[in-house]
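Peer 1: I have a structure I would like to understand better, so I am pasting it below and will then ask my questions one at a time.
The values are calculated or read from the model by the stated rules, or taken from the named source; none is laboratory data. Please read all numbers here as calculations on a predicted model, not as lab measurements. Quick reminder, even Gly has a Cβ in these numbers, built from the backbone with ideal geometry, and neighbours come from all protein chains shown.
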């Protein structure tokens, strides 16, 4: 036995269970997720992360590795539940179902998070445009107005404006930064705003005029969207009323008469 062997053994004993077992397992299973995810899938996942605002703790590499981890966890959990509550065929079916759910679970989570964030952007955009309009009409430049929004605003639009300013500081032009912001969203109103600002910059149109018109249009669209949602409420309440409220009313109203007809006293 060499002189360094006891030292290596002592170092191995000091390592935690996570460092010795869990982390190597996660690394190997993460490679499985990378192997099963094509390059096109990684590109789509990166786009969905852009819609989510690119959470700092979840880069695309970690998400792809998590897909492999959840695949194995879902496979083992599904096979275990199937074996407990059924035979071999049910175990195989539950294992496949668990593996598919585990592999695509991160994609669905990121998609739902991105949809919610885009809805928040759509709702907060008119207020942001009002702030930009007031700031520009007060004498500030467009970049200073964006900085004002990023300092004092709320919601995901603050992150978008801060990213636009950061890209401009590292050398991008205003046009490129605004077009990049439009590519990171699915909100048509924000895409239209970015396009209008790009055209105003290229054609020399006063920013205050364009921002005023954009703010007025955004407020009008928000009011129309609220009216549309209000008109959908009766239709959404129809099926819960039919299947939840009406049966209880029928039991209360018709129940005593049915019991009398059947000759049951109470």
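Peer 1: Check residue 57 against each of (1) surrounded by fewer than 16 Cβ atoms within 10 Å (Cβ to Cβ); (2) not in a loop (DSSP other than H, G, I, E, B) and name the one condition it does not meet.
Peer 2: Just one mismatch for residue 57, condition (2).
Peer 1: Would you mind telling me which numbered condition in (1) under 20 Å from residue 94 (Cα atoms); (2) in contact with a helix residue (DSSP H, G or I) (Cβ under 6 Å, 6 or more places away or on another chain) residue 76 fails?
Peer 2: Looking at each condition in turn, residue 76 falls short on (2).
Peer 1: Same structure again: State whether one or more residues within region 126-136 are out of contact with any helix residue (DSSP H, G or I) (no Cβ under 7 Å at 6 or more places or on another chain) and not assigned by TED's automatic domain parsing to the domain that holds residue 61. Explain how you work it out, then say what you get.
Peer 2: Taking region 126-136 as the starting set, the residues that turn out to be out of contact with any helix residue (DSSP H, G or I) (no Cβ under 7 Å at 6 or more places or on another chain) are 127, 134.
If we keep only those that are not assigned by TED's automatic domain parsing to the domain that holds residue 61 as well, we get 127, 134.
The answer is yes; a qualifying residue exists.
Peer 1: Ok, one more. Of the residues in region 164-199, how many are crowded, with 17+ Cβ neighbours inside 10 Å and more than 30 Å from residue 115 (Cβ to Cβ)?
Peer 2: Result for region 164-199: 0.
Peer 1: Ok, one more. Please enumerate the residues belonging to region 116-144 that are free of Cβ contacts under 8 Å to residues at least 60 places away in the same chain and part of a helix (DSSP H, G or I).
Peer 2: Once the filter is applied, which keeps residues that are free of Cβ contacts under 8 Å to residues at least 60 places away in the same chain and part of a helix (DSSP H, G or I), region 116-144 yields 116, 119, 120, 124, 127, 128, 131, 134, 135, 143, 144.
Peer 1: When you scan region 160-175, do you find a residue that is in a helix (DSSP H, G or I) and under 16 Å from residue 120 (Cα atoms), even just one?
Peer 2: Of all residues in region 160-175, those in a helix (DSSP H, G or I) come to 160-169, 174-175.
Subsequent filtering for residues that are under 16 Å from residue 120 (Cα atoms) retains 160-161.
Looking for residues that are in a helix (DSSP H, G or I) and under 16 Å from residue 120 (Cα atoms), one finds at least one in region 160-175, hence yes.
Peer 1: Let me ask something additional. Listed residues 252, 210, 187; which is more than 24 Å from residue 163 (Cα to Cα) and either at pLDDT 85 or above or outside the structural domain of residue 146 (by TED's automatic domain parsing) (or both)? Show your work before the answer.
Peer 2: Working: 210 fails: more than 24 Å from residue 163 (Cα to Cα); 187 fails: more than 24 Å from residue 163 (Cα to Cα).
So the residue among 252, 210, 187 that is more than 24 Å from residue 163 (Cα to Cα) and either at pLDDT 85 or above or outside the structural domain of residue 146 (by TED's automatic domain parsing) (or both) is 252.
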